[in-house]
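Below is one structure, written out as structure tokens; the observations come after it.
Quick note: the coordinates plus some simple rules give every number you see, no bench work behind them. These numbers were taken from a predicted model, which means no experiment stands behind them. All Cβ positions, glycine included, derive from the backbone under ideal geometry; neighbour counts span all protein chains shown.
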């Protein structure tokens, strides 16, 4: 091998080492630029509020104290660490804090993803998969805990997949990652659930005696991982709290992010599914049954719940990386592995320059741009009026719950569906949609409601105009307020 060819490989190796960081920096700057799109879900309000409560009281919530319909009911926060991080960033930089924190999480996710794929695939394909994964996840990239946990999910599954590919066992040194994930978000149960299928990928094709020994080691690792997931302030209750959301039955078909995928119009997810089929047909991929089952499981999850599309987007390529890489082997690696001190110096210097450039760009952008929450989640004028009237029991729209909590107003319902339960929330939705008029009037009387705060185009807002004993007090493009006719200090109806 000539000296010039060897030097070319060495330079290529150093360049490859910087690619994940470059991809991460690009993702970070993009989401910083479109930061307002991360502030579109009112759940961000109560997530920050709980984080502030934890910091103020140096304790974690075990009961509800934000609603007047479930006061004192058992409830734990399975995302307490994310909530604290969001609260700290919000206190320091207002809405720029959660935006930067979310953008950093996406950047780290993209960098880890490319790094893991780089072991099996060429850099262009690894970067392309990263771009596709981020594109598929755009609908669910919000300033909420699941995004902060995304790097942990990718790293954990990548580690499991790497162990399965080499027919080995995951290192127990990775167990703290499961503990971190369990403190960041309840989605850690997916990481536990994937240990079983991954173990069958690992043992497939081995001799029977080796299969038994390896399966036992995977089983022990799974037990240890479950124990690691309980290393939270709530202990084993974290597992129960994380699985409660899956027991909401019919309600999961009503909450937008838990709805099944809809193919009434062409979507990026539909394109990804067709692309996956096309890759299999074009490449003639032959996968072992456990690997096929993994892909089917992730696809079924994405079809069943829209919020699982990001798991499909980031995890399916990790499952396919080795089979795809075997069909087009990587170019010859650097014989020195880029391990010489000059090579490391160049790589570290390049990395520091990328980080410095990203931070400088952040400072410049923040100096002239103010991040704001989407206005249709923040009925500011309506809530100001309700506070002036000292309304105590407000029947609020589901999407206004988080904002009311941020204003220290007790809510009827909010995004913590697992607290309220399937029956209660379904009853509420049916009342707001006026599928049965009796549902609405019953809730108004049963919970002694003195004011309602509905979305402007909600059926309940229109029906309340005609229900005896109620009158419209205020309306704008975001919200409508109705109060009882005999409410003290009622004012003339207003509209914008």
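A few points about this structure:
- Fraction of antiparallel bridges per DSSP, region 376-495 only, in percent to nearest 5: 65
- The ranking of 118, 384 by Cβ neighbour count inside 10 Å, starting from the fewest, reads 384, 118.
- Here, region 104-155 is characterised by an Rg to Rh ratio of 0.98, where Rg is the alpha-carbon radius of gyration and Rh the Kirkwood radius.
- The packing ranking, built from the mean of other Cβ atoms within 10 Å per residue, places the peptides 416-428, 206-218 in the order 416-428, 206-218, highest first.
- With R₀ fixed at 22 Å, the C-beta to C-beta distance from residue 274 to residue 327 puts the FRET efficiency at about 0.60.
- Between 0 and 90 degrees, the angle of helix 309-327 with respect to the longest Cα principal axis of the chain falls at about 10 degrees.
- Relative to the longest principal axis of the Cα atoms of the chain, the long axis of helix 175-184 makes an angle of roughly 20 degrees.
- Förster radius 22 Å - calculated FRET efficiency between residue 393 and residue 62 (Cβ-Cβ, nearest 0.05): 0.35
- Estimated purely from DSSP H runs of n ≥ 4, each contributing -39500 (n - 2.57), the mean residue ellipticity at 222 nm for the chain is -19000 deg cm²/dmol once divided by its residues.
- Relative to the dominant Cα principal axis of the chain, helix 80-93 is inclined by about 80°.
- Take every DSSP beta bridge whose two residues both sit in the chain; close to 65 percent of them are antiparallel.
- The Cα trace of the chain gives Rg and Dmax of 25.7, 93 Å, the first to one decimal, the second as a whole number.
- With R₀ fixed at 60 Å, the C-beta to C-beta distance from residue 375 to residue 212 puts the FRET efficiency at about 0.50.
- As a rough footprinting exposure proxy, the listed residues 408, 94 were ranked by other beta carbons within 10 Å of their own, and the order from fewest upward is 408, 94.
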